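The values are calculated or read from the model by the stated rules, or taken from the named source; none is laboratory data. Just so it is clear, the structure is predicted and the values come from calculations on it, not from any experiment. When we count neighbours, we look across all protein chains shown, and the Cβ atoms used for this are built from the backbone with ideal geometry, even at glycine. Note: areas computed on protein heavy atoms with side chains; ligands, DNA, RNA excluded. Shrake-Rupley method; radii C 1.70, N 1.55, O 1.52, S 1.80 Å.
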Amino acid sequence: MALNIAMLSIHSSPIGDLGTQDTGGMSVYVRELAKEIGRRGHCIDIFTQHNSGRHQRVVDLYDNVRLIHVSGGTRGSVSKGALYAYLPQLFHDLESFKIKQNLEYDILHSHYWLSGVLGAMAQSAWNIDHLLTYHTLGAVKQQTCPSEHETELRLTSERRLARGCDGLVVATQKEKEYLSRYDVSDDKITVIPCGVDLHRFKPLDKPSARRQLGFSEDDFIVLYVGRYAPVKGLHRLFETVGRLAHLPGLRLVMVGGDGPHTPMFRQLQSQATALNIQNRVTFAGRVEQKTLPQYYSAADVLAVPSYYESFGLVALEALACGTPVVTTPVGAMEKMVKDGVTGYVATDSDPKHFARLIEAIGLKQQQNSLSPSKIRASVTQFTWARSASLLLEAYRRALHEP
Ligand code: UDP
């Protein structure tokens with residue numbers, strides 16, 4: 001039986017600008033899974049907050065997938081920090097849309113705790129099964145990266161929602177263990193790894209990728225791709241690069257972020273100057289996903305210095321492009337990276353150790369002992385099609401369908 005699915009992705013749109021403050025892996029996850037599930041004949045409505053008239057109220061995204069913008073009387077998009085207070089009126093708008101269009105959903109899937117709160121309103125109003133994916137947990141974020149100040153409201157809401165929803169979907173076993181702190185029974189949690197678009201992310205010719213991006217063939221390129229958030233460990237990446245400044249042609253390429261006027265950008269710029277690596281850093285800004293394979297293919301190594309990841313999509317994308325990864329042991333890294341073969345998973349978060357691992361990749365690159373096609377082959381099992389099948393199974397289980 002084809003399902004009618006409502007997804008809530010209220011604070012961040014699946015078609016938002018990837019790499020900016022609140023838009024990253026979660027948007028990719030919602031977009032890719034919806035696309036795959038819609039392709040199989042199920043209908044999905046994704047609800048997100050409206051974005052100052054940038055899009056129509058209803059956007060046909062893919063086969064059987066619609067994106068619906070709700071405003072609840074708000075003007076412009078409301079920041080993540082302020083959104084909680086607007087959730088009742090956003091729910092009212094969502095409910096009116098549902099009634100006007102005479103819609104009935106079989107299952108509701110919320111993404112991130114704010115959507116979880118909205119989802120809990122729908123769960124009781126519609127008497128519908130409610131699955132929840134947190135993407136990150138406030139308590140873990142706070143514990144691993146204290147400069148990420150999480151509100152008490154988020155922490156208590158996550159605890160309450162975990163008990164009240166009908167099922168939780170996480171991307172790693174690690175995340176499942178974190179959730180056990182909330183007294184959630186194991187059988188309520190389903191682990192579904194993320195995927196990667198293997199058609200989009202594939203190895204390109206390195207010299208031409210470098211030429212097109214304006215990098216020299218002799219550079220040793222360390223690439224970072226992602227949002228500029230404290231949890232991403234950017235300062236320790238800069239420290240690491242400071243320790244590698246003796247390497248000829250060393251270049252750190254930073255992809256992502258919200259532009260040169262943000263405090264994080266300025267901090268990183270000053271740090272680069274203090275470390276005397278300002279001429280070794282290229283701030284490329286945010287890059288559309290369709291252009292990212294060029295960056296991954298041009299790079300010698302992708303660095304993931306994060307304190308916490310719920311999965312870590314950029315590592316998977318880099319590996320699919322044949323580029324090795326040096327990472328902290330966060331998210332699904334231990335599953336994705338074959339330690340010593342397709343990269344390294346650092347056992348110590350000290351920049352000195354991280355620098356040694358990056359240098360070891362440099363040596364392997366010089367010896368030509370890293371094969372892009374072998375690196376790619378190590379991750380081809382991570383497909384969105386597989387994730388979608390597992391998610392559909394979780395939906396059917398929640399509905400007690402065979
Ligand atoms: N991304 C992008 N352009 C950028 C920076 C990031 O398209 O300039 C995408 C990247 O391809 C990846 C996602 O944003 O799919 C980041 O996901 P990840 O899981 O690595 O981190 P999160 O945002 O969830 O913390």
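Considering only protein heavy atoms, what per residue accessible area in square angstrom results for the chain with a 1.4 angstrom probe? Accessible area per residue: 42 Å².
Over the chain, the pair-distance histogram of Cα-Cα distances with 10 Å bins from zero comes to 5, 23, 32, 24, 13, 3, 0 percent, rounded to whole numbers. From its DSSP helices (H runs of at least four residues, each -39,500 (n - 2.57)), the chain gives a residue-normalised ellipticity at 222 nm of -11500 deg cm²/dmol.
When +1 charges are put on Lys and Arg Cβ atoms and -1 charges on Asp and Glu Cβ atoms, the dipole computed for the chain relative to its Cα centre reaches about 640 debye. Of 210, 54, the residue with the largest accessible area leads and the full order is 54, 210 (1.4 Å probe). Each Lys or Arg adds one and each Asp or Glu takes one away; over the other residues whose Cβ falls under 11 Å from the Cβ of residue 57, this sums to 0.
Computed from point charges on the beta carbon alone (+1 for Lys and Arg, -1 for Asp and Glu), the dipole magnitude for the stretch 169-229 about its Cα centre is near 180 Debye. Consider a paramagnetic label point 7 Å from the Cα of residue 369 along Cα→Cβ; state which residues of the stretch 287-312 have an amide N under 20 Å from it. The answer is 300-302. Site pair residue 2 and residue 57 shows an inter-label distance of 2.4 nm when each label is modelled 7 Å from Cα along Cα→Cβ.
The distance linking the stretch 250-309 with the stretch 12-80 is 27 Å (Cα centroid to Cα centroid, whole angstrom). Across the protein chains, with a 1.4 Å probe defining accessible surface, the residues 130, 353 rank 353, 130 from largest area downward.
Its residues counted as N, the stretch 310-364 yields a C-alpha radius of gyration over 2.2 N^0.38 Å of 1.04.
Positive end of the dipole of the stretch 138-256 (Cβ unit charges, origin at the Cα centre): among 244, 256, 213, the Cα lying farthest that way belongs to 213. Using only side-chain charges placed at the Cβ, +1 for Lys and Arg and -1 for Asp and Glu, the dipole size of the stretch 102-227 relative to its Cα centre rounds to 260 debye. Dipole orientation for the stretch 229-352: of the candidates 281, 340, 298, 281 has the Cα lying most toward the positive pole (charges on Cβ; Lys, Arg +1; Asp, Glu -1).
In the stretch 222-350, what percent of the accessible surface is made up of carbon and sulfur (1.4 Å probe, ligands and nucleic acids excluded)? After summing per-atom areas, the C and S share lands at 50 percent. Of all DSSP beta bridges confined to the chain, the antiparallel ones make up roughly 10%. Surface calculation, 1.4 Å probe, protein heavy atoms: residue 389 sits at approximately 50 Å² accessible.
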